[in-house]
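Quick notes on the structure that follows.
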Amino acid sequence: MKINYPEGATPLDPDEMEGLKLKHVTRKGELDHLEQANIQSGLVWLSRSREKDILSEAFVRKLHERLFGEVWQWAGSFRRTGKDIGVDPLTIGIELRTLLDDMRYWAAHDTYPEMEAAIRFHHRLVFIHPFPNGNGRHARIMADAVLQKIYGREAIDWSGGHDLQAMNERRREYLVALRTADRGDYDPLFKFVGL
Ligand SMILES: Nc1ncnc2c1ncn2[C@@H]1O[C@H](COP(=O)(O)OP(=O)(O)OP(=O)(O)O)[C@@H](O)[C@H]1O
Ligand SMILES: [Mg+2]
């Protein structure tokens with residue numbers, strides 16, 4: 001199956017495409033639809049989950065598996081290949097561990113205002129890019145889980161009434177903001193979520 005990716009999306013390797021559980025899928029629209037349905041059931045799982053320790057590698061992987069595991073064999077497993085975005089695949093575990101420890105510290109010591117902490121966490125998670133695909137969606141949901149389950153706050157309005165999966169002004173702004181955050185300036189990303 002040939003997929004036309006929107007800008008800022010990570011193309012899959014042939015071996016990752018292999019992991020498509022539903023062999024009858026031939027069109028990108030169909031795949032989007034199946035992923036969206038899977039994500040919906042993952043979100044239900046997340047809202048019912050009583051897991052207290054969401055800042056663990058096990059939970060991060062479990063969430064990815066719940067969001068994408070009906071569609072992709074490799075859901076919940078770390079990436080094994082290098083991509084344009086993301087750390088060396090060999091260092092994903094250690095980088096993730098550092099991020100989760102930082103996030104735990106920020107929450108315990110009120111290092112940053114709550115939304116700011118969630119945004120920094122989101123950016124660092126997509127920057128690591130732990131999985132072959134679904135990193136954007138997973139890291140947005142993970143940041144929302146931090147806000148809701150750790151801080152008792154509301155989730156972020158990421159899409160702002162647009163479709164963040166498709167290429168439009170909202171996604172363009174999101175990607176520019178992430179790239180600016182790559183260089184250490186978080187202001188555009190804060191502004192993007194209304195801070
Ligand atoms: N320069 C960048 N720095 C940090 N993160 C980035 C950068 N460019 C893209 N990203 C993130 O990577 C995501 C794309 O990765 P991937 O394709 O694995 O996720 P996805 O959930 O399938 O994507 P999406 O939901 O955005 O279509 C983007 O949504 C964005 O969050
Ligand atoms: Mg993608």
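Values in this text are rule-based calculations from the coordinates and carry no lab data. Everything numeric in this text was worked out from a predicted model, so none of it was measured. Virtual Cβ from ideal backbone geometry, glycine too; neighbours counted across all protein chains shown.
Work out the length of the dipole vector of the chain about its Cα centre, built from +1 on the beta-carbon of each Lys and Arg and -1 on the beta-carbon of each Asp and Glu, and round it to the nearest 20 debye.
Taking the Cα centre of the chain as origin, the dipole is about 380 debye.
Under a Cβ-Cβ cut-off of 11 Å, what is the net charge of the residues other than Asp102 that fall near it, where Lys and Arg count +1 and Asp and Glu count -1?
Summing Lys/Arg as +1 and Asp/Glu as -1 gives +2.
Could you give the angle, 0 to 90 degrees to the nearest 10, between helix 57-68's Cα long axis and the longest principal axis of the Cα atoms of the chain?
Between helix and principal axis, roughly 40 degrees.
Per-residue counts of other Cβ atoms within 10 Å, averaged by peptide: what ranking do you get for 52-64, 78-90, highest first?
Final packing ranking: 52-64, 78-90.
For a quick protection proxy, order the peptides 10-21, 142-153 by their average other-Cβ count within 10 Å, most packed first.
142-153, 10-21
List every residue whose amide H lies under 5 Å from the amide H of Leu20, counting only residues 5 or more places away in sequence or on a different chain, with H placed 1.01 Å from N in the peptide plane.
Under 5 Å from the amide H of Leu20 lie the amide H atoms of Gln73, each far enough along the sequence or on another chain.
For Lys149, which lysines qualify as cross-link partners when the Cα separation must be under 24 Å and same-chain residues fewer than eight apart are set aside?
By straight Cα distance, Lys149 reaches Lys52, Lys62, Lys191.
Could you grab the Rg to Rh ratio for the chain? Cα atoms only, Kirkwood for Rh.
For the chain, the value is 0.94.
Who wins for biggest fluctuation among Gly161, Gly93, Gly76 in a Gaussian network model of the chain, springs between alpha carbons below 10 Å?
Gly161
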